[in-house]
Amino acid sequence: MTGRLEGKVAIVTGAGSGMGAAMVRRFCAEGARTIAVDVSGAQDDTARDAGANCVPVHADVSVAVEVESFVRLAVDRFGKLDIICNNAGIQGPLGLTADYAEEDWDRVIAVNLKGVFLGMKYAIPEMLKIGGGSIVNTSSMAALVAFPTLPAYSASKGGVSCLTRLTAAEYASQNVRVNAILPGAIDTGMTRGMPKEYLQGAIDATLMGRIGRPEEIANLALFLASDEASFITGTETQVDGGYTLV
Ligand SMILES: NC(=O)c1ccc[n+]([C@@H]2O[C@H](COP(=O)([O-])OP(=O)(O)OC[C@H]3O[C@@H](n4cnc5c(N)ncnc54)[C@H](O)[C@@H]3O)[C@@H](O)[C@H]2O)c1
């Protein structure tokens with residue numbers, strides 16, 4: 001039996017932890033050759049777990065030359081690029097809008113929004129060369145509902161959702177599909193770093209009554225990345241246990 005991503009070449013950012021690490025493990029298990037990008041160093045552990053088809057890369061998604069270089073590496077190493085999951089993200093400090101430090105705002109926007117823009121900017125030309133590709137951007141339920149004290153994070157994710165729709169429209173006729181995943185509260189490094197009462201509040205508001213697992217995000221990323229989703233573009237799918245339903 002062949003894997004659902006057999007023959008595909010993928011890049012996953014934020015691959016050292018949480019959802020990105022789960023995506024890399026799943027993609028490699030399904031036959032993709034995968035570049036695992038992270039700024040933390042933990043991408044090396046993910047790649048070791050994922051096996052011979054995974055190459056770890058240390059890079060910061062907010063720096064254009066670094067993004068350009070890991071896209072080039074995918075093509076040099078594996079001959080093409082079919083898939084990019086622009087998943088790296090940071091929450092930034094909590095704070096009301098009027099108290100929010102400008103440098104914190106700039107960093108969150110740089111990683112979460114500019115990082116997604118740069119990933120698409122350098123990946124799309126490679127996808128066009130091979131007649132198409134799939135881009136999966138990690139947005140958030142924060143793009144849909146208000147999370148007071150997360151102004152930069154929420155704005156960045158609203159931007160990711162908007163940019164996903166726009167880019168999907170721009171490249172649909174050339175078979176580059178662009179979709180967004182909107183996770184709810186998921187058990188990752190990000191949520192483990194939150195104040196306990198903040199996280200508990202999010203879990204209490206989740207209709208399914210529990211926190212999600214990174215693998216539950218990777219399942220959707222796999223589907224959207226694969227040819228099974230060949231007529232799906234410009235979508236935003238909540239994976240949030242019903243948080244945004246009521
Ligand atoms: N965990 C949640 O509840 C939740 C909910 C909604 C959306 N998200 C989004 O999911 C995505 C994945 O986050 P996670 O929850 O797995 O968190 P995580 O902290 O476990 O993983 C994020 C990874 O991104 C990496 N990273 C951060 N800045 C980077 C940069 N500049 N360049 C490259 N890598 C960088 C980190 O080192 C880390 O390994 C993020 O975009 C996050 O905003 C998370």
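Read-outs: derived from the displayed coordinates by stated rules, not from any lab. Given the structure is predicted, the values throughout are model-derived calculations rather than measurements. Positions of Cβ are generated from backbone atoms using ideal geometry, with glycine treated the same way; all protein chains shown enter the neighbour counts.
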### Helix-only mean residue ellipticity at 222 nm for the chain, each DSSP H run of n ≥ 4 adding -39500 (n - 2.57), per residue, nearest 500
-13000 deg cm²/dmol
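To make sure I understand, if each residue's beta carbon is the centre and we count other beta carbons within 10 Å, what order do D204, D227 fall in, fewest to most?
Starting with the residue having the fewest Cβ neighbours, the order is D204, D227.
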### Task
Would you mind classifying segment 26-92 by shape? Square roots of the alpha carbon gyration tensor eigenvalues, ordered a ≥ b ≥ c; an a/c under 1.5 is rounded, otherwise it is prolate if a/b is larger than b/c and oblate if not.
oblate
### Summary
Inter-part gap, Cα centre of segment 182-239 to Cα centre of segment 42-97, in whole angstrom, is 19 Å
### Task
List the residues whose amide H sits under 5 Å from the amide H of V178, counting only those 5 or more places along or on another chain, with H placed 1.01 Å from N in the peptide plane.
I135, G234
### Message
Can you give me the long-range amide H partners of I35? Hydrogens built in the peptide plane at 1.01 Å from N, cutoff under 5 Å, separation of 5 or more residues or another chain.
### Response
A10, I11, V12, V55
## Note on the structure
To the nearest 0.05, the calculated FRET efficiency linking A172 and E103 through their beta-carbon distance, R0 being 30 Å, is 0.20
### Task
Please label the shape of segment 95-246 as rounded, prolate or oblate, based on the square roots a ≥ b ≥ c of the eigenvalues of the alpha-carbon gyration tensor (a/c under 1.5 means rounded; beyond that, a/b larger than b/c means prolate, else oblate).
oblate
## Note on the structure
Note, segment 185-202: 3J(HN,Hα) by Karplus (6.51, -1.76, 1.60, θ = phi - 60°), whole Hz, Gly/Pro = x, goes 6, 10, 7, 9, x, 5, 6, 5, x, 7, x, 4, 5, 5, 5, 4, x, 5
### Task
Would you mind ranking V57, V136 by Cβ crowding within 10 Å, fewest neighbours first?
V57, V136
### Task
Nearest 5 is fine: what % of DSSP beta bridges in the chain come out antiparallel, could you say?
0 percent
#### Entry: Within the chain, longest stretch clear of exposed trypsin sites (Lys or Arg not before Pro) (DSSP loop, no more than 16 other Cβ within 10 Å)
81-209
